[in-house]
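Notes to accompany the following structure.
Every number in this text was worked out from the coordinates using simple rules, so none of it is lab data. Because the structure is a prediction, the values reported are computed rather than measured. A quick note on method: Cβ atoms are made from the backbone with ideal geometry, for glycine too, and the neighbour counts reach across all protein chains shown.
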Amino acid sequence: MIADVYIELKEGVADPEGESTLKALRLLGFKRVKKVSTVKVFRIEIDAKNKEEAEKEIREMCERLLANPVIQKFRINWIG
């Protein structure tokens, strides 16, 4: 099983990389861009008995290592 795990900042948390990218895009003439947010994606291939078991393990990975629960949220998107 393969899953993409998206890690992004929660609402209200500053995103300096996104803000800098937005500023650079506007300087390059892309005036219609309203907002840029950074998102990190991990593609995880996992060997599990079923999807529920795999999702439980990936959630634990997110909670223990991949995401900082104070400032970040995550979502899991299954591939195939």
To the nearest 10 degrees, how steep is helix 16-27 against the longest Cα principal axis of the chain, on a 0 to 90 scale?
40 degrees
Against the globular-protein guess of 2.2 N^0.38 Å, express the Cα radius of gyration of region 1-44 as a ratio, rounded to two decimals.
1.44
Cross-link reach list, lysines versus Lys40, counting only Cα pairs under 19 Å and skipping chain neighbours closer than eight places:
Lys10, Lys73
Using a cut-off of 14 Å between beta-carbons, work out the net charge of the residues near Gly18 (Lys and Arg +1, Asp and Glu -1, Gly18 not included).
+1
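Would you please put 54-65, 38-49 in order of how densely packed they are, using the mean number of other Cβ atoms within 10 angstrom per residue and starting with the highest?
54-65, 38-49
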Over the alpha carbons of the chain, what is the largest minus smallest coordinate on each principal axis, giving the biggest first in Å?
51, 29, 14
